[in-house]
Amino acid sequence: MKTIDTRNSIFLGLFVVFALFVVIAPTTPFTIDDTIYIAMAEAMAERGSLYSNDPLAILNAPAMLESSDLIHRIDGNAVPQYPGGYALLAAPFFMLFGVKGLILMNALSGAASLWLTHLIAIRLYNDRTVARNAVLILGFATFFSGYVFSIWPHVTSLALTLGGSYLTLKIIGERHRIWFALAAGLLFGASVNIRIDGIIPAIAAFFWLRLFARPSDRLSAIALLAGLAPGLLLAALMNFEKFGVFQPFFYGQTSGLAAASRYIPIAIAGTIALMGALAIDVSHQRMKRLLNLRSTTLALGVAGIFLVGFIVADAFILGLAHGTYNLVVDMQAFDPSKIRPGIIKDEFGYWSFWGIPKKALLQSLPFATLLTLPIIDFFRGKNVSANGFSLLMIAGVIAFFSMNAWHGGMTFNMRYFIPALPFIAILSATSLSALLATIEKPGDTLLRSVIAGATSAMVFYFVVPAFSVAWATPAQLYPQLILSLLLAIGLIVFQLKKTSSFLPLILAGMSFGYAGILSAADTAGELGLRYVKAPYDKAYAGAIPPGSLVVTVAEDHLIHASLNGVVLARAQEKEREVIREAMKIYEAEGRCVYIHTPAAMTIINDPRFITLTVPGVPTHQGNILDLYGLPGQRATCDPQ
């Protein structure tokens, strides 16, 4: 009788535990993005539609938009910008469990992501200790956990890209390599239909095959690209249905950060690079002689290229450098030209993101400078294929988002870098193993260091802000950067001078402990905010009759009212006249009309509306929660 592998039993149990936790997870949104995803899932599940039109909306009224930035009005339809593949995948979950189903989809994907991270680490390094530690680091010391029980589909997309990554690794040394390459491409292509940044790991996998894994095998790389085709075709078809544009990477915008036109130069350069990688075989003897340079010569060459870049294309290079520093090192280096609503400087001169001291990558993951060791090994020709795979996956994601330095909206951390987190965890685990191997009884040292780091994090992240508002932001953002810098210096000295790993191990342990507290704080903050919204969301759903029109700037407090048939409209200056016209039509049809929040009241500026009392919603918190109605509306419009 075949026994079940203990490791598989653990991951199977993880699927069950994550699924059970969904039962107590709040179904209220964290941000406006969540409301869009819920509307997409509902539209596909209940009407088989890619449009988020409200089913109880009045037909001759303009289509109401929950956000004119994230949803577009096209031919009388409300069209969400996000890939339609999400609606297709989420619809069955929504049909079975409602909003809980969307969280369940993410939770199952989260368990799958941890399992796949383990498999990828085993495949790369054939070391179960590295694989185990990589899973622990990903689960407890990164911001991955904050998205496992959310509505945002980052983790669902991640599970697909990790599946594609694992199958890419299976191409090496397997008889059916072409089938594995095709299957990898299919999963990467599927991820593009959830989040379009799913294409980045696919491109990284292609270049890994051509440069480090199978440079003489063009067929496998071509098969991977061929596997992408169905997913890209599906994305293009859905965009054609939604926007009338037949291309897979399109958000319905012709200007701004999400506009496809911004990425045309990148697409052209990427296409040239793909063709060049297919044409050139780096395993050929002539190419080997060309590439067999001493590291110092290579470094000088790279420096020369960057120097030329500064001279020839200084704006792009400087922009990329600043964007990388902003998103990877310090979020306070934010470019004022990219200010959006919700981003302000506080009274002490620090940027506040919707009241959150948002963290760049190293400000969330101070241990990430552990990558110093695999980077040095890579350039020294050690573990080039294994390290190169993870480094490409990380560098691709960071470079892509650093070009525009877009921070990702209202979050505690850099959510756009989620696709890189498993590979940061894997490389960090390899560095940890290298440090542990050189000293006696390293376990006690590591444990004490983790506790010291966690204690430090609690002091700086919670205690200092409680006693000093002025020092709150620097205390929450900069101690971990100092720790990360010290770790990098210690690792460089350890690697180059062959000194003891005792000090780097202490710094690494402290970094893990610090990151663990930051991870827990982010996860608790995200879930906590959704729990706080839940009673108000429930109160509005019970008080506002179906078919009503509510003009608001806080859709995340009204999601269950929306699911109950209430039509929501985002109050924005550019939409004011359209909304006023819709309000007249709804009033003429005998529908109830409300304005929600003082901010929306200011934008609409209709003096006829008066403040209403909603059972379960305290009036003393009216800065967010006030509901306004017409005094002459019929009795059914009065909150019950």
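Observations on the structure shown:
- Taking every C-alpha pair closer than 8 Å and separated by at least 6 residues, the mean separation divided by the residue count of the chain gives a relative contact order of 15 percent.
- Short to long, the 10 Å bins of the Cα pair-distance histogram for region 453-501 hold 26, 36, 22, 14, 2 percent of all pairs.
- log10 of Debye I(q)/I(0), alpha-carbon scatterers only, for the chain at 0.06, 0.12 Å⁻¹: -0.35, -1.36
- Sorted largest first, the spans of the alpha carbon positions of region 347-418 along the three principal axes are 50, 21, 16 Å.
- Based on DSSP H segments of at least four residues, each scored -39500 (n - 2.57), the chain has a per-residue ellipticity at 222 nm of -18500 deg cm²/dmol.
- Region 1-116 - convex hull of alpha carbons, volume per residue in Å³: 130 Å³
- Stokes-Einstein translational diffusion, region 94-142 - Kirkwood Rh over all Cα pairs, 1.306 mPa s, 10 °C, in µm²/s: 134 µm²/s
- With all protein chains modelled, accessible area of ARG128 [1.4 Å, Å²]: 120 Å²
- Secondary structure note: in the chain, about 65% of the DSSP beta bridges are antiparallel.
- With all projection directions averaged, the alpha carbon convex hull of region 446-534 covers 6.6 nm².
- Value of D in µm² per second that Stokes-Einstein yields for region 359-513, Kirkwood Rh from Cα pairs, at 25 °C (0.890 mPa s): 149 µm²/s
- Largest-first principal axis extents of the Cα set of region 66-121 (Å): 48, 27, 16
- Cβ-based net charge around GLY146, under 10 Å, with every Lys or Arg adding one and every Asp or Glu removing one: -1
- Viscosity 1.567 mPa s, temperature 4 °C, Stokes-Einstein D of region 10-49 from Kirkwood C-alpha radius, µm²/s: 107 µm²/s
- Proximal charge balance of TYR461 [Cβ under 15 Å; K/R count +1, D/E count -1]: +1
- GLU66 - accessible surface, heavy atoms, 1.4 Å probe, Å² rounded to 10: 10 Å²
- Degrees separating the helix 218-243 axis from the principal Cα axis of the chain, which is the longest one: 10 degrees
- Kirkwood Rh in Å, taken over region 119-256 so that all alpha-carbon pairs contribute: 16.2 Å
- Taking the convex hull of the alpha carbon positions in region 70-161 and averaging its projected area over all directions gives 7.2 nm².
- Percentage relative contact order, region 452-594, counting C-alpha pairs under 8 Å, at least six apart: 19 percent
- Expressed per residue, the C-alpha convex hull volume of region 499-627 stands at 148 Å³.
- Between helix 576-588 and the chain: long-axis angle, C-alpha atoms, 0 to 90°, nearest 10: 40 degrees
- In degrees, nearest ten, helix 314-324 long axis to first principal axis of the chain (Cα): 80 degrees
- Peptide packing: for 499-507, 114-122, 77-85, 159-167, the average count of neighbouring Cβ atoms within 10 Å per residue gives the ranking 159-167, 114-122, 77-85, 499-507, highest mean first.
- Whole-percent carbon and sulfur share, accessible surface of the chain, 1.4 Å: 67 percent
- Think of a 1.4 Å ball rolled over the protein heavy atoms: the chain then has 43 Å² of accessible area per residue.
- Computed on protein heavy atoms with a 1.4 Å probe, the accessible areas place MET458, MET601 in the order MET458, MET601, largest first.
- Along region 465-477 the Karplus relation, 6.51 cos²θ - 1.76 cosθ + 1.60 evaluated at θ = phi - 60°, assigns HN-Hα couplings of x, 5, 9, 9, 5, 5, 9, 4, 5, x, 5, 8, 10 Hz to successive residues, with x for each Gly and Pro.
- Rounded if a/c under 1.5, otherwise prolate or oblate - region 532-597, Cα gyration tensor axes: oblate
- Across every pair of non-identical alpha carbons in region 17-76, the mean reciprocal distance, once inverted, gives a Kirkwood radius of 13.3 Å.
The values are calculated or read from the model by the stated rules, or taken from the named source; none is laboratory data. Treat the numbers as computed from the prediction; the structure is a model and nothing was measured. Cβ coordinates were reconstructed from backbone atoms using ideal geometry, including for glycine residues, and neighbour counts include every protein chain displayed. In case anyone asks, the SASA skips ligands and DNA or RNA and just uses the protein heavy atoms, side chains included. Shrake-Rupley method; radii C 1.70, N 1.55, O 1.52, S 1.80 Å.
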